[in-house]
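Notes for the one structure printed next.
The values are calculated or read from the model by the stated rules, or taken from the named source; none is laboratory data. What you see is a predicted model, and the numbers here were worked out from it, not measured in a lab. Cβ coordinates were reconstructed from backbone atoms using ideal geometry, including for glycine residues, and neighbour counts include every protein chain displayed.
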Amino acid sequence: MFVRILFSALRITIAVVAIFALLWWFGVRMPGKNVPKAAQLSSAEIELRDELIADVQTLAGQIGERNMARYPQLNAAADFIENSFSRAGLQPRRDTYELHGRACHNIEAEIRGASPEILLIGAHYDSVFGSPGANDNGSGVAAMLALARRFAQKSAQHTLRFVAFVNEEPPYFLTDEMGSFVYGGRCKARGDQISAMISLETIGYFSDAPHSQTYPSLGLGIFYPTVGNFIGFVGNVHSRPLLRRAIALFRKHARIPSEGAALPSFVPGVSWSDQWAFWQHGYLGIMITDTAPFRYPHYHSATDTPDKLDYDRFTLVVSGMEKVIEELAAMKD
């Protein structure tokens, strides 16, 4: 009896070890050399930081809570984004749909490349009920606008498309009423060749405090840091090649720590933004995130205000993503 119990326990142990080994090899192990800590900002990055501060302040400070319950503020945010694209020399377009008798606007700006393949960079501009949404997702929108400005006068092999999405937050979250779901469906119907979708989602909060980083399961905590000083690259299993390419490029120019995860979409957090909508329409997509639900004390609260963000490290993320986009857009398949 004892021998049978011992062998049974051994088989279970071997199975668990095998599962964790596979998880590490296929979902956690990422290419490129990580950096141990964030660097100091360059003079160009100081200018970028000023832009990010100004745009987050406009969205979360001046406009504030913006959603269907605060419809005028939602439209004010749309106007701000549209005007920001225009001031950058781009030609914005509103992709509008109706929800509960009201017009809702996704806003896009495109930079045509030599190839019809599209690299799409997106961020949702609505905030959850009761929150001004500085990090969620004023940070993502500010980053998208800053990146659009930097590519506005450049050319690339692939077409670049910057899109601000409406209605990502509940009660539309992970439904066909999300702005990104509507937009992705229209892209699919038109036959848009979106080779990669990058969702910028809560990218402005970092902490060096011990145990400041948590995870949706104990198993994941085995592989990743317990200090929330890194930026995360997250994707589903299907988008694993895109994820690995993106984080390798980021680490090539890295001035801030990064971690990556290519996991099944049912793992909590993996699908929690607009990349989910593009997965539903057959596109590859990844999320760049500070993992807010597992790190940010002010997540989905009235205290998610502009003063809570770490603008230096936020800037390093955007600076790194500029290099990622530059190289992805220039790549030829």
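Looking at 69, 77 in this structure, which one is closer than 15 Å to residue 144 by Cβ and not β-branched (Val, Ile, Thr)? Steps first, answer last, please.
Details: 69 fails: closer than 15 Å to residue 144 by Cβ.
Selected residue: 77, the only one of 69, 77 that is closer than 15 Å to residue 144 by Cβ and not β-branched (Val, Ile, Thr).
Could you look through the range 280-308, keep only residues that are acidic (Asp, Glu) and in contact with a Gly (Cβ under 8 Å, 6 or more places away or on another chain), and pick out the one that is surrounded by the fewest Cβ atoms within 10 Å (Cβ to Cβ)? Spell out the reasoning first.
Within the range 280-308, the first condition is being acidic (Asp, Glu), and the residues that meet it are 290, 304, 307.
This time we only want the ones that are in contact with a Gly (Cβ under 8 Å, 6 or more places away or on another chain), so: 290, 304.
Values: 290: 28, 304: 30.
Once the filter is applied, the top-ranked residue is 290.
Only one of these is in contact with a strand residue (DSSP E or B) (Cβ under 8 Å, 6 or more places away or on another chain) and more than 21 Å from residue 328 (Cβ to Cβ): 227, 182. Name it. Break it down stepwise before answering.
Values: 227 fails: in contact with a strand residue (DSSP E or B) (Cβ under 8 Å, 6 or more places away or on another chain).
Criteria check complete, one pass: 182.
Residue check: is residue 70 farther than 23 Å from residue 317 by Cβ, touching a Ser or Thr at 6+ places or on another chain (Cβ under 9 Å) and assigned to a helix (DSSP H, G or I)?
Working: farther than 23 Å from residue 317 by Cβ: yes; touching a Ser or Thr at 6+ places or on another chain (Cβ under 9 Å): yes; assigned to a helix (DSSP H, G or I): yes.
So residue 70 fits the description; yes.
How about the range 94-105: which of its residues are out of contact with any strand residue (DSSP E or B) (no Cβ under 8 Å at 6 or more places or on another chain) and surrounded by fewer than 14 Cβ atoms within 10 Å (Cβ to Cβ)? Spell out the reasoning first.
Quick first cut of the range 94-105, residues out of contact with any strand residue (DSSP E or B) (no Cβ under 8 Å at 6 or more places or on another chain) only: 99-102.
Hits for the range 94-105 are 100, 101, 102.
I need the strands (runs of 3 or more DSSP E) fully contained in the range 81-128, keeping only those with at least 2 residues that are out of contact with any Phe, Trp or Tyr (no Cβ under 9 Å at 6 or more places or on another chain) and of a type outside the set (Phe, Trp, Tyr). Outline the logic, then answer.
Numbers: elements: 93-99, 102-111, 115-124.
In the range 81-128, 93-99, 115-124 are the strands (runs of 3 or more DSSP E) which contain 2 or more residues that are out of contact with any Phe, Trp or Tyr (no Cβ under 9 Å at 6 or more places or on another chain) and of a type outside the set (Phe, Trp, Tyr).
Within the range 277-298, which residues are hydroxyl-bearing (Ser, Thr, Tyr), within 30 Å of residue 44 (Cα to Cα) and part of a loop (DSSP other than H, G, I, E, B)? So that I can check it myself, show each step before the final result.
Start the filter on the range 277-298 by keeping residues that are hydroxyl-bearing (Ser, Thr, Tyr), which leaves 283, 289, 291, 296.
If we keep only those that are within 30 Å of residue 44 (Cα to Cα) too, we end up with 289, 291, 296.
Those that are hydroxyl-bearing (Ser, Thr, Tyr), within 30 Å of residue 44 (Cα to Cα) and part of a loop (DSSP other than H, G, I, E, B): 291, 296.
Quick check on residue 250: is it of a type in the set (Phe, Trp, Tyr) and in a helix (DSSP H, G or I)?
Working: of a type in the set (Phe, Trp, Tyr): yes; in a helix (DSSP H, G or I): yes.
So residue 250 fits the description; yes.
What is the one condition in (1) small (Gly, Ala, Ser); (2) in contact (Cβ under 8 Å) with a residue 60 or more places away in the chain; (3) within 30 Å of residue 158 (Cα to Cα); (4) surrounded by fewer than 20 Cβ atoms within 10 Å (Cβ to Cβ) that residue 265 does not satisfy?
The number of the failed condition is (2).
Can you pull out every residue in the range 221-245 that is part of a loop (DSSP other than H, G, I, E, B) and within 23 Å of residue 179 (Cα to Cα)?
Residues of the range 221-245 that are part of a loop (DSSP other than H, G, I, E, B), as a first pass: 222-230, 236-239.
Within the range 221-245, 236, 238, 239 meet the criteria.
Being within 22 Å of residue 152 (Cα to Cα) and free of Cβ contacts under 8 Å to residues at least 12 places away in the same chain is the filter here, so list the residues in the range 57-115 that pass it.
If the condition is that a residue be within 22 Å of residue 152 (Cα to Cα) and free of Cβ contacts under 8 Å to residues at least 12 places away in the same chain, then 79, 83, 86, 87 are the ones that fit.
For (1) surrounded by 19 or more Cβ atoms within 10 Å (Cβ to Cβ); (2) more than 21 Å from the chain's Cα centre (by Cα); (3) not charged (D, E, K, R), each residue gets a yes or a no:
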{"residue": "57", "(1), (2), (3)": "no, no, yes"}
{"residue": "75", "(1), (2), (3)": "no, yes, yes"}
{"residue": "79", "(1), (2), (3)": "no, yes, no"}
{"residue": "89", "(1), (2), (3)": "no, yes, yes"}
{"residue": "107", "(1), (2), (3)": "yes, no, yes"}
{"residue": "134", "(1), (2), (3)": "yes, no, yes"}
{"residue": "155", "(1), (2), (3)": "no, yes, yes"}
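Does any residue in the range 225-238 that is surrounded by fewer than 23 Cβ atoms within 10 Å (Cβ to Cβ) come within less than 6 Å, Cβ to Cβ, of a residue that is among the acidic types (Asp, Glu) and at pLDDT 95 or above six or more places away or on a different chain, and which pairs are these?
From the range 225-238, the pairs are 229/208.
Can you find a residue in the range 305-312 that is over 25 Å from residue 43 (Cβ atoms), assigned to a loop (DSSP other than H, G, I, E, B) and modelled with pLDDT of 95 or more? Don't jump to the end; show me each part of the working.
Restricting attention to the range 305-312, the residues satisfying the condition of being over 25 Å from residue 43 (Cβ atoms) are 305, 308.
With the extra rule that they be assigned to a loop (DSSP other than H, G, I, E, B), the set shrinks to 305.
Retained after the next criterion (residues that are modelled with pLDDT of 95 or more): 305.
The answer is yes, given that some residue of the range 305-312 is over 25 Å from residue 43 (Cβ atoms), assigned to a loop (DSSP other than H, G, I, E, B) and modelled with pLDDT of 95 or more.
Under the condition of being hydroxyl-bearing (Ser, Thr, Tyr) and in a loop (DSSP other than H, G, I, E, B), which residue from the range 180-220 is surrounded by the fewest Cβ atoms within 10 Å (Cβ to Cβ)? Walk me through it before giving the result.
Filtering the range 180-220 for residues hydroxyl-bearing (Ser, Thr, Tyr) gives 180, 183, 195, 199, 202, 205, 207, 212, 214-215, 217.
Still in the list and also in a loop (DSSP other than H, G, I, E, B): 202, 205, 207, 212, 214-215, 217.
Details: 202: 29, 205: 25, 207: 17, 212: 18, 214: 15, 215: 19, 217: 10.
Residue satisfying both the conditions and the ranking: 217.
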